[in-house]
Amino acid sequence: MHPWNEPLFEALKERAERFPHALLIHGARGYGKLALAERVAQFLLCEDLARRPCGRCEGCRWLAAGSHPDFRRVEPEALAREPTVEPEEGADAAAKRAKPSLQIKIEQVRGLDDFLNLRSHRGRLRVALVHPAEDLNPTAANALLKGLEEPPPGAVFLLVSHRPSQLLPTTRSRCVALAVPIPPRAAALRWLAEQGVERSERWLAYAGGAPLQALEYAAKAEILERLLRRPLPVEDRDELEALADALQKIALDCALSGLGLPPKYQTGAIPADVGHARAWLSFARQMGQHRQLCRHPLNPKLFSAEMLSGMPQK
């Protein structure tokens with residue numbers, strides 16, 4: 001868990017005797033929500049009640065190894081840490097070549113039913129971690145809602161969400177919400193320095209203050225600097241979303257400068273005049289939509305050229 005989230009974790013520990021059956025941990029991407037949820041799961045499953053989470057009991061060791069019988073992680077196949085099971089011999093070859101799903105499917109949620117309705121293997125709680133919760137497809141979201149409305153005894157749901165507004169209102173109402181705020185700048189810069197990140201201030205600004213996102217940006221600094229210096233159509237599919245992200249940040253910095261405000265993302269964009277601020281804000285919203293489309297099988301060069309064609313004139 002990251003140091004800036006320690007106070008949130010300590011506050012949750014104080015609620016051990018009246019811990020909610022469903023906790024919604026939400027906040028912007030890159031704040032360390034998943035690591036916080038994993039730490040909460042360790043606390044709930046630790047068997048040393050005097051020092052939990054102790055990190056030494058069987059429960060903690062099993063969880064660290066990814067083999068705790070009372071813990072389930074539900075997330076899209078594309079995020080799964082373990083490779084999905086290969087189709088049986090003789091299965092359709094197309095199934096083997098299928099890209100991992102970006103959504104949480106109904107079969108994954110149904111798989112929780114047997115797990116949650118069984119007795120605990122260790123005589124304690126059973127914990128299900130859903131991440132990110134907004135990636136549940138509509139059928140899966142409704143199936144999960146049933147479990148939240150009628151939770152089995154001893155079951156705890158930990159939902160992690162970057163965009164809680166996209167969850168079903170009834171899902172949000174069944175959970176106790178825990179907002180993870182933006183980390184203090186000094187703590188974020190100190191952590192980035194410990195990770196060996198160069199120009200940490202530059203990438204933390206580009207990430208909007210999110211340290212984990214800044215770490216990812218720093219890892220592909222050469223690509224991002226090229227896209228920011230001279231946005232051009234790209235042929236590499238892996239660069240398509242990075243281009244949409246860069247264009248959105250450029251647009252927001254231009255809009256802010258046009259309104260007489262300092263740029264947020266330090267993209268180096270040329271300041272716009274106040275008359276063009278509205279056009280840049282509209283372009284930024286459009287790029288936000290295009291970032292989602294970049295995950296689909298599009299022609300990178302054609303789609304990136306289309307994005308650039310809508311860029312306002314500075």
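The values are calculated or read from the model by the stated rules, or taken from the named source; none is laboratory data. Since we're looking at a predicted model, the values are computed, not measured. Neighbour counts are summed over all protein chains in view; Cβ atoms, including those assigned to glycine, are modelled from backbone coordinates with ideal geometry. Remember, those area values only see protein heavy atoms, side chains included, never the ligands or the DNA or RNA. Shrake-Rupley method; radii C 1.70, N 1.55, O 1.52, S 1.80 Å.
Estimated at the nearest 10 Å², the accessible area of Trp4 is 30 Å² with a 1.4 Å probe.
Expressed in nm², what is the orientationally averaged projection area of the convex hull enclosing the Cα positions of the stretch 215-314? Please list the in-between numbers first.
Numbers: hull surface 23.7 nm².
Averaged projected area of the stretch 215-314's Cα convex hull equals 5.9 nm².
Leaving out ligands and nucleic acids, and using a 1.4 Å probe, what accessible area per residue does the chain come to in Å²? It would help to have the intermediate numbers written out before the result.
Working: 17120 Å² over 314 residues.
Accessible surface, normalised per residue, equals 55 Å².
Which length gain, in nm to one decimal place, applies between Glu17 and Ala80 when the Cα-Cα distance is subtracted from 0.36 nm times their residue separation? Show your work: numbers first, answer last.
Working: separation 63, 0.36 × 63 = 22.68 nm, distance 3.18 nm.
Roughly 19.5 nm would be gained on extension.
Restricting to DSSP loop positions (anything but H, G, I, E, B) with no more than 10 other Cβ atoms inside 10 Å of their own Cβ, which GluC sites (Glu not before Pro) remain in the stretch 165-220?
On the way: sites: Glu194, Glu198, Glu201, Glu216; in loops: Glu198.
For GluC sites (Glu not before Pro) across the stretch 165-220 that sit outside H, G, I, E and B with at most 10 neighbouring Cβ atoms in 10 Å, the list reads Glu198.
Here the dipole of the chain is about 700 debye; that uses its Cα centre as origin and unit charges on the Cβ of Lys and Arg (positive) and Asp and Glu (negative).
Top to bottom by accessible area (1.4 Å), largest first, where do Ile182, Ile25 land? Working shown, then result.
Working: Ile182 90, Ile25 0 Å².
Greatest to least solvent exposure: Ile182, Ile25.
Here's the picture: charge each Lys and Arg Cβ at +1 and each Asp and Glu Cβ at -1 in the stretch 203-314, and of Leu293, Trp280, Met307 the one pushed furthest to the positive end of that dipole is Trp280. Scanning the chain for long hydrophobic helices, with DSSP H runs required to stretch 20 angstrom or more by C-alpha along their axis and to average at least 0.0 on the Kyte-Doolittle scale, returns 237-258.
So for the chain, taking the charge dipole from beta-carbon charges (+1 Lys/Arg, -1 Asp/Glu), which of Ala244, Ile182, Gly260 sits furthest toward the positive end? Most positive-ward Cα: Gly260. Under a model in which nothing but the beta-carbon of Lys, Arg (+1) and Asp, Glu (-1) is charged, the stretch 1-51 shows a dipole of about 220 debye around its Cα centre.
Looking at the chain, the DSSP beta bridges with both ends there are about 0 percent antiparallel.
Rule-of-thumb check for the stretch 145-201: C-alpha Rg over 2.2 N^0.38 Å? Intermediate results must be reported in sequence, preceding the final value.
Details: Rg = 17.6 Å, N = 57, 2.2 N^0.38 = 10.2 Å.
Dividing the Cα Rg of the stretch 145-201 by 2.2 N^0.38 Å gives 1.72.
Charge dipole (Cα centre; +1 on Lys/Arg Cβ, -1 on Asp/Glu Cβ; no other charges) of the stretch 140-226 amounts to roughly 180 debye.
Of the solvent-accessible surface of the stretch 171-314, computed with a 1.4 Å probe and all protein chains present, 53% belongs to carbon and sulfur.
Radius of gyration (Cα atoms) of the chain, expressed as a multiple of 2.2 N^0.38 Å: 1.12. With unit charges on the beta carbon (Lys/Arg positive, Asp/Glu negative), name the residue among Val130, Gly32, Ala140 whose Cα is farthest towards the positive pole of the charge dipole of the chain. Positive-most Cα among the choices belongs to Gly32.
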